[in-house]
1. How many residues are in contact with a strand residue (DSSP E or B) (Cβ under 7 Å, 6 or more places away or on another chain), open to solvent by 30 Å² or more (accessible area, probe 1.4 Å) and either among the polar types (S, T, N, Q) or in a loop (DSSP other than H, G, I, E, B) (or both) if we restrict to the range 96-137?
2. Taking the range 225-263, which residues are modelled with pLDDT under 95 and of a type in the set (Lys, Arg)?
3. Condition first: in contact with an Asp or Glu (Cβ under 8 Å, 6 or more places away or on another chain), among the small types (Gly, Ala, Ser), buried (at least 23 other Cβ atoms within 10 Å of the Cβ) and assigned to a helix (DSSP H, G or I). Can you find one or more residues in the range 164-186 that meet it?
4. I'm told Gly22 meets every condition in (1) open to solvent by less than 50 Å² (accessible area, probe 1.4 Å); (2) over 24 Å from His218 (Cα atoms); (3) in contact with a helix residue (DSSP H, G or I) (Cβ under 8 Å, 6 or more places away or on another chain) except one. Can you identify the failing condition by its number?
5. For the subset of the range 62-86 comprising residues that are part of a helix (DSSP H, G or I) and open to solvent by less than 30 Å² (accessible area, probe 1.4 Å), which member is farthest from Gly324 (Cα to Cα)?
Amino acid sequence: MSEVAIVGIGMHRFGRADGVSGRAQAVHAAREALRDSGLRFSDMQFGFGGSHSAGDADTLVSELGLTGLPFINVANGCATGGSALIAADAAIRSGQHDVGIVIGFDKHARGAFNTDPAEHGIGAWYGETGLMVTTQFFGMKIQRYLHDHDLGPGVLATIAEKSFRNGARNPMAWRRKEIDAAEIAAAPMISDPLTQYMYCSPGEGAVALVLCRADRAHTYTRHPVFLQGAAFRSRRYGSFEVFSPWLATDRADSPTVEASAAAFAAAGIAPSEVDVAQIQDTESGAELMHMAETGLCAHGEQEELITSGATAIEGRLPVNTDGGCIANGEPIGASGLRQVYENVLQLRGDAGEHQVPGDPRVGFTHVYGAPGISACTVLTR
């Protein structure tokens, strides 16, 4: 089977772009990725892409080029971008194609996501309780986690403080103003113990990646990044996930646990070898929990790592170096690919003010979403 490399990356800045459609942002990101790879859209043998609120990705060929390539729409909630990448990885690794493009984009209305319970096979009663507003789910889940692992709620503000600090150093981030932990903790309480500044916001943005067979990567770039492992998992009975209408008496691991383990196994790399990690942080509690679920640390160890600065850009395990979802917002179709974009920058040494020191060689990404799905990648150079 063929190995896979990323040879081109492109991005439209996240945030709010008034007067610019989500599709236009996607076209911009795709053209930047093609320019970065030195290839043309007519060279692409396939495309995978997705968006939740900004239109069908396959229609982007109207602007990029009517070349006849198979372009497949992907829709998988917050894991849309990660799912598109895994599909592209399989298309190349299987030998079916040599080179292709992946695009994720979105443009969400202001305010919380408004999801119909019926779309997830749940009765109307669930929405009437307010639990379709996911802030409540995240508040309940992190309350239990803090209790079970004897962690203090103050660490949640420290995580968000790091996110805003990293975002201030990232020119492509939405939130580029530092906010200290005291102000974050004192912000309006949304769902105890999570305050306003501990949550990300729906937003806009686009990311595109050009992938190819690894043995041809140096034809296109001097600095390829190799996709050593990629895995996707859905929830098992007993795991408590977004839009779960009940809690089983017998608990099971989150899909994050299985997806991350599978990605590391495919890559032949241990979590202890990771130099830089991008982890789903819909809110700061998610980053805390997912650090352990992905195997980057043990449950209960996070508070010491975070408060000691180990997860800062200059620390021994930098996490969410671009500011994560908290600083970038979450355009659903693009978030998973943003993480990969950031790790490619880091492994190339091209991240500028938010570059991880020490010549990082291994990057890890993790995305999580409703109704309990996770996609992970392991990248090397």
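1. Filtering the range 96-137 down to residues in contact with a strand residue (DSSP E or B) (Cβ under 7 Å, 6 or more places away or on another chain) leaves 98-108, 113, 135-136.
Still in the running and open to solvent by 30 Å² or more (accessible area, probe 1.4 Å): 98, 107, 113, 135-136.
Now restrict to residues that are either among the polar types (S, T, N, Q) or in a loop (DSSP other than H, G, I, E, B) (or both): 98, 113, 135-136.
Result for the range 96-137: 4.
2. Selection gives Arg235, Arg236, Arg251.
3. Checking the range 164-186: at least one residue is in contact with an Asp or Glu (Cβ under 8 Å, 6 or more places away or on another chain), among the small types (Gly, Ala, Ser), buried (at least 23 other Cβ atoms within 10 Å of the Cβ) and assigned to a helix (DSSP H, G or I).
4. (3)
5. Initially, the range 62-86 is screened for residues part of a helix (DSSP H, G or I), giving 62-64, 80-86.
Okay, now just the ones that are also open to solvent by less than 30 Å² (accessible area, probe 1.4 Å), so 64, 80-85.
Numbers: Leu64: 29, Thr80: 17, Gly81: 15, Gly82: 15, Ser83: 19, Ala84: 20, Leu85: 19 Å.
The residue in question is Leu64.
This table checks each residue for (1) in contact with a strand residue (DSSP E or B) (Cβ under 9 Å, 6 or more places away or on another chain); (2) without any contact (Cβ under 8 Å) to a residue 40 or more places away in the chain; (3) aliphatic (A, V, I, L, M).
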| position | (1), (2), (3) |
| --- | --- |
| Phe164 | no, no, no |
| Cys212 | yes, no, no |
| Ala217 | yes, no, yes |
| Gln228 | yes, no, no |
| Arg235 | yes, no, no |
| Leu247 | no, yes, yes |
| Ala252 | no, yes, yes |
| Ala259 | yes, no, yes |
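The values are calculated or read from the model by the stated rules, or taken from the named source; none is laboratory data. Quick caveat, the model's predicted, so the values are computed rather than measured. With ideal geometry, Cβ positions are generated from the backbone for all residues, glycine too; neighbour counts draw on all protein chains shown. Keep in mind that these areas ignore ligands, DNA and RNA; they rest on the heavy atoms of the full protein, side chains included. Shrake-Rupley method; radii C 1.70, N 1.55, O 1.52, S 1.80 Å.
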